[in-house]
Amino acid sequence: MIKHNINLFNQSFLVELRKLLAYRWEFWTGFLGQTFIFVGISYFLWKSIFLSNGVTEMHGIALTDFILYYLTAHLIFKTMLGPNIGFISHDIYYGTLNKFIVYPVSFQFIKIASYLAHSFFYYAQLIILISLHKLLFGNSVDLISFSLGSLTLITASYCYFLISASIELIAFWAENIWSLAILLRSFIHIGGGYLIPLSFYPEKISHFLYYTPFPYLIYEPIQIFRGQTSLEHFFLINAILLGWIFIAYIVFRLVWYRGNRQFTGVGI
Amino acid sequence: MIKVENLCKSFKIYQKPPGLKGSLKALFKRDYFYKNALDNVSLQVEPGEILGLVGANGAGKTTLVKILSGIIYPTSGEVSVLGYNPWKRDNRYRKQLSLIMGQKAQLWWDLPAFDSFLLLKEIYQISDKNFYKNIDYLSNSLNISHQMKTPVRKLSLGERMKVELMATLLHDPKVIFLDEPTIGLDLMSQRAVRSFLAQYRKEKNPIIILTSHYMQDIEELCRRIALIKNGSIIYDGPIDKIHKDYSQFQSINFEVLDSDIGRIQNFLIQKFPENEKEFIDNKIKLRLKKELVGEATKELLEHFSIDNLSINQIDISKVIENYLQHDQT
């Protein structure tokens, strides 16, 4: 059984990987273009803020640290994000879910394997670009922080998968889930510290955000990658993420169960 | 064996009034109605049997197939396929089941078919030996072995259906649901798919439920058909019987001069008000009981200048069309 699951996982993962490599233009622009544009814009924006304020450090972050911050923020976000919006809702809208229902395997299992194929390239990019950053700036991510950060990224990714999959499953009822998916991403951008580090937020807002899963998806993994936290904090963050995974899993199962009961399989 | 008893399925469908006002109203309140897609359907299919499901669009054929394959849940009724309840989605059942929906692809569009087959091998836990044996058998039978490495999106519609068939049959299913497998195919591809299915059935003997709008598919592959109209089965029995019931009818086909078209239309409406008539330009078809054909032909020849006259048996598609239209039970 375990061997079967490993083989099934490998094949699902490889099929999605081959799919991603089928369009090389899309691959290269998505793979490298977006990262350089995002990090470049963020860096120059903060540089002008630093210059106009005449400071060398803000909220404990030096200007050169911002490169690492946004590099990890972007690649953690992309790794966690997996496929584009529609990775489940399109199956529901266009009836491809039918084939997954007929297969004698778990739908969630195949979807996670293909989800990870999307994450794979961004995680590879994270390794390469962090190594490059260390080579250029010296004071960068050490091996222990990178390992702990990677473990947290796995937990965060599964948590995000369950949250976004639950939203995608709303397609059983709603005719379009695009705006909901965008809303989720916006919450992550703002509440997860993707656009601005959470240390820049007013204390009350930042305190409130920690009651949501968003800081644990981006900001806290960034801090662990940057070596800004203790081992105890690493365990605490992962324990909280596991709690959110538990809640998200229950929601996912519930929505899947209810949605299936009114699925029409497209058309009558 | 497939056993269906008193199966009902209704769908909740929303209606939006037309125009901008209707769209604005629908933002706050929607009107729903219930459509009965299946109404008290009962049938039984024996091991090795092939049943043709025939009906107009929206009659309930696909809904029945979806329930039997476990994709959707029924509103009420009992179903047992190979002893399993399909919508419980037991893996032991799903391993023995196959479904082709002619309008929906199951293969990964951007990849060569063989890549999808490798994934299906793991999904169905097919041994290496059986996998390669089936690949050889199916690709040779369907004459598609040269297209295994071409991305599916680059294949012609006929080739795509062939690789879809391969994907469906790789795991030697015991029950096969074929929902319009020849839809959109050219005549040659339709024939190839049909003859493959006939050969496959002969060799492997699975239960097959076939829906198709092409009567030739049904006629060549099925001995038994079930006619569905508005969610109810109005005929379930041998295809020969339904044909025989209608063999008392014949059709007179002929052509008239363009100048006579109006006159002959009036003549036929007055003389044969109850009989089915078809007018395409100057080509006319009149359906009559066998014993009336001689008299009618004589009258037509007396009153009009008739060309290309022939008398034919009603073909099966017409028989079924009539059956569905007139709801004879």
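Taking 2.2 N^0.38 Å as the expected size of a compact globular protein, what ratio does the Cα radius of gyration of the protein assembly as shown give against it, to two decimals?
So the protein assembly as shown has a normalised radius of gyration of 1.27.
For a quick size check, give me the Cα extents of the stretch A:2-262 along its three principal axes, largest first, whole Å.
The Cα atoms of the stretch A:2-262 stretch 62, 41, 34 Å along their principal axes.
Pairing the Cα long axis of helix B:316-326 with the longest principal axis of chain B, what angle in degrees results, from 0 to 90 and rounded to the nearest 10?
80 degrees
Rounded to the nearest percent, how much of the accessible area of the protein assembly as shown (1.4 Å probe, protein heavy atoms only) is carbon and sulfur?
Carbon-and-sulfur percentage of accessible area, whole number: 58.
Between 0 and 90 degrees, rounded to the nearest ten: what's the tilt of helix B:128-141 against the longest Cα principal axis of chain B?
20 degrees
Kindly report the accessible area of the stretch A:2-262 per residue (heavy atoms of protein chains, probe 1.4 Å, no ligands, DNA or RNA), in Å².
Accessible area per residue, the stretch A:2-262: 48 Å².
Would you work out which of A:Cys159, A:Tyr103, A:Ile6 lies farthest towards the positive end of the dipole of the stretch A:2-262, given +1 charges on the beta-carbon of Lys and Arg and -1 on that of Asp and Glu, about the Cα centre?
A:Tyr103
Quick one: net charge around A:Gly30, please, counting Lys, Arg +1 and Asp, Glu -1 for every other residue with C-beta under 12 Å from its C-beta.
Surrounding charge for A:Gly30 is +1.
If you keep only loop residues by DSSP, which chymotrypsin sites (Phe, Trp or Tyr not before Pro) in the stretch B:99-188 have at most 14 other Cβ atoms within 10 Å of their Cβ?
B:Trp109
Share of antiparallel DSSP beta bridges in the protein assembly as shown, in percent to the nearest 5?
Looking only at bridges with both residues in the protein assembly as shown, the antiparallel portion is about 70 percent.
Taking 22 Å as the cut-off for C-alpha to C-alpha distance, list the pairs among A:Lys3/A:Lys111; B:Lys66/B:Lys104; B:Lys35/B:Lys88; B:Lys244/B:Lys298 that go past it.
Result: B:Lys35/B:Lys88; B:Lys244/B:Lys298 exceed 22 Å.
How large is ³J(HN,Hα), in whole Hz, for each residue of the stretch A:57-67 in order, when computed from phi with the Karplus curve 6.51 cos²θ - 1.76 cosθ + 1.60 and θ = phi - 60°, using x for Gly and Pro?
8, 10, 6, x, 10, 7, 4, 5, 5, 5, 4
Can you give the charge dipole size of the protein assembly as shown about its Cα centre, rounded to the nearest 20 debye, using +1 on the beta carbon of Lys and Arg and -1 on the beta carbon of Asp and Glu?
980 debye
So what's the angle, to the nearest 10 degrees on a 0 to 90 scale, between helix B:113-123 and the longest Cα principal axis of chain B?
Relative to chain B, helix B:113-123 is tipped by roughly 60 degrees.
Would you please put A:195-207, B:17-29 in order of how densely packed they are, using the mean number of other Cβ atoms within 10 angstrom per residue and starting with the highest?
Final packing ranking: A:195-207, B:17-29.
Under the definition of partner shielding as Cβ atoms of other protein chains within 10 Å of a residue Cβ, what is the mean value for peptide A:91-103?
Partner-chain Cβ atoms within 10 Å, mean over residues of A:91-103: 6.
About the Cα centre, and with charges only on the beta carbon of Lys, Arg (+1) and Asp, Glu (-1), how big is the dipole of the stretch A:2-262? Nearest 20 debye, please.
Using Cβ point charges on Lys, Arg, Asp and Glu, the stretch A:2-262 gives about 640 debye.
Per residue, how many Å² of accessible area does chain B show with a 1.4 Å probe?
49 Å²
Pop the C-beta distance of B:His146 and B:Leu187 into the FRET formula with R0 = 22 Å and round what comes out to the nearest 0.05.
0.50
Among A:Leu242, A:Leu63, A:Leu195, whose Cα projects farthest towards the positive end of the dipole of chain A, with charges put on the beta-carbon of Lys, Arg (+1) and Asp, Glu (-1)?
A:Leu242
Would you mind telling me which residue in A:Thr152, A:Thr29, A:Thr212 has the biggest mean-square fluctuation in a Gaussian network model of chain A, where springs connect alpha carbons within a distance under 10 angstrom?
A:Thr29
With an 8 Å cut-off on Cα pairs and a minimum separation of 6 or more residues, tell me the relative contact order of chain B in percent.
19 percent
The values are calculated or read from the model by the stated rules, or taken from the named source; none is laboratory data. This one's a predicted model, so the numbers in the text were calculated from it and none came from an experiment. Every residue, glycine as well, gets a Cβ built from its backbone with ideal geometry; the counts of neighbours run over all protein chains shown. Accessible surface areas use protein heavy atoms only, side chains included; no ligands, DNA or RNA. Shrake-Rupley method; radii C 1.70, N 1.55, O 1.52, S 1.80 Å.
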